[in-house]
Amino acid sequence: MTATPPAISVVLPARDEGDRVGATIASALDAAAGPDGVEFVVVDDCSAPGRRPVVGDAAARRRTTIVRSARHLGVGAARNLAARHARGRVLFVTDAHTRFSAGWDRAATRLLAPERILSVTILDSTSAWRGHGCRLVVPYMGTRWNTAVPGPTPEDRRVQVASSAGTVVERALFARLGGYDEGMVHYGGFEPEFSVRAWRAGAEIVHTTDIEITHRFKPREEAASFVGAARTALVHNCLRFGTAHLPESMILEMVRLHALEFPEHIREALVMLEERGAWRRREELAATLPHDFAWFVRRFGLLDQIGRPLPET
């Protein structure tokens, strides 16, 4: 590591990613306008033997810290751990299988401002698809991609949810927000919950087309297998997200939707919800955040997933 603190810390959680980590780091360094101002913090999230992160050449290794976990942390806790080891003023949160557009670091530092989080454009490595941040699906508590290019005004560029593969935030703001919710488990729901909490805390999320991250999305069969194995965690995380933020009148509807779609997983997910202190989390956020969820609804003119107005209490 260099003696001078870097300007940007790239946060990379990695579980069984192997040499994809090295390819991601090489891409970021090659595309950076000022590579000497960039460091990489990789959390090896209990990877299997033979599939641990491989960084690459000596230049990349000098700029990389690998933090190894003996237990499976999951996406949110792994990112939080990486952030605690980061030295840069700016965190660039991405995945361990991405490619960076030219000048990404200069654009990130130019576009950031106090209380602002950047959501970068996400490209699919196998198609012409582009994602421009996400929007919330209520009361299911999932997300949908924005695929239309945002308009020219500042308001057009504000988005509800930043993508996991391209979230840029000042480290001090990340710490003040409390990072990702470690009450969630393993995978799913971390980005929308963090984003809604950031808005409620008084920050803003602004999309940019000046930074593009090309992402390796899992092929269909691989994705189906992965999601199937993680389904209980996914259901729990959606329920915890909704319990933390939704008006009480919508929480039962959220639970009913998940129970109808995932009857084999709902019981265990509800047990986890209670064991992991979801209602206590709700009370903590209500007591500390300046805006409630009704403010977020008004801010974006949010409707529920079938187009009905949302209750404010």
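A few comments on the model shown:
- Cβ-Cβ contacts under 7 Å between residues 6 or more apart (or on different chains), taken from a first residue in region 11-28 that is under 28 Å from residue 175 (Cβ atoms) to a second residue that is crowded, with 24+ Cβ neighbours inside 10 Å and of a type in the set (Asp, Glu), are listed as 13/45; 14/45; 15/45.
- Scan of region 101-117 for residues that are touching a residue at least 12 places away in the same chain (Cβ under 8 Å) and part of a loop (DSSP other than H, G, I, E, B), ordered by number: 101, 102, 103, 112, 114, 115
- Count of region 290-313 residues which are open to solvent by 30 Å² or more (accessible area, probe 1.4 Å) and of a type outside the set (S, T, N, Q): 15
- Among the residues of region 260-289, those that are closer than 18 Å to residue 181 by Cα and either touching a Phe, Trp or Tyr at 6+ places or on another chain (Cβ under 9 Å) or open to solvent by less than 60 Å² (accessible area, probe 1.4 Å) (or both) comprise 269, 272, 273, 277, 278, 281, 282, 285, 289.
- Look at (1) modelled with pLDDT under 95; (2) surrounded by 18 or more Cβ atoms within 10 Å (Cβ to Cβ) and you find that residue 240 fails only one, number (1).
- Taking the criterion of being of a type in the set (Val, Ile, Thr) and either within 10 Å of residue 291 (Cα to Cα) or open to solvent by 10 Å² or more (accessible area, probe 1.4 Å) (or both), the only residue of region 182-202 that qualifies is 185.
- Taking region 203-218 as the range and being part of a loop (DSSP other than H, G, I, E, B), out of contact with any His (no Cβ under 6 Å at 6 or more places or on another chain) and open to solvent by less than 70 Å² (accessible area, probe 1.4 Å) as the test, only 203 passes.
- Restricting 289, 252, 257 to residues that are in contact (Cβ under 8 Å) with a residue 60 or more places away in the chain and out of contact with any helix residue (DSSP H, G or I) (no Cβ under 8 Å at 6 or more places or on another chain) narrows the list to 257.
- Residues of region 65-77 classified as open to solvent by less than 30 Å² (accessible area, probe 1.4 Å) and touching a Leu at 6+ places or on another chain (Cβ under 9 Å), total: 2
- First in region 76-91 and more than 22 Å from residue 186 (Cβ to Cβ), second anywhere and among the hydrophobic types (A, V, I, L, M, F, W, C) and open to solvent by 10 Å² or more (accessible area, probe 1.4 Å), Cβ under 7 Å, 6 or more apart: 88/7; 89/7; 90/7; 90/112
- Scanning region 145-170 for residues that are open to solvent by less than 10 Å² (accessible area, probe 1.4 Å), among the polar types (S, T, N, Q) and modelled with pLDDT of 95 or more returns a single hit, 167.
- Residues (open to solvent by 80 Å² or more (accessible area, probe 1.4 Å) and within 21 Å of residue 108 (Cβ to Cβ)) located in region 124-144: 130
- With a requirement of 3 or more residues that are over 15 Å from residue 142 (Cβ atoms) and aliphatic (A, V, I, L, M), the helices (runs of 4 or more DSSP H) lying completely within region 221-313 that satisfy it span 248-261, 266-275, 278-288.
- Members of region 131-160 found to be free of Cβ contacts under 8 Å to residues at least 60 places away in the same chain and out of contact with any Lys or Arg (no Cβ under 9 Å at 6 or more places or on another chain), listed by number: 131, 148, 152, 153, 154, 155, 156, 157
- Residue in region 97-114 that is modelled with pLDDT of 95 or more, surrounded by 20 or more Cβ atoms within 10 Å (Cβ to Cβ) and closer than 24 Å to residue 234 by Cβ present: yes
- Close Cβ contacts (under 6 Å, 6 or more residues apart or on different chains) running from residues in region 48-67 that are free of Cβ contacts under 8 Å to residues at least 24 places away in the same chain to residues that are open to solvent by less than 80 Å² (accessible area, probe 1.4 Å) and among the acidic types (Asp, Glu) are absent.
The values are calculated or read from the model by the stated rules, or taken from the named source; none is laboratory data. Given the structure is predicted, the values throughout are model-derived calculations rather than measurements. Counting neighbours? That spans all protein chains shown, and the Cβs are built from the backbone with ideal geometry, glycine included. The accessibility values were calculated without ligands, DNA or RNA, using every heavy atom of the protein model including side chains. Shrake-Rupley method; radii C 1.70, N 1.55, O 1.52, S 1.80 Å.
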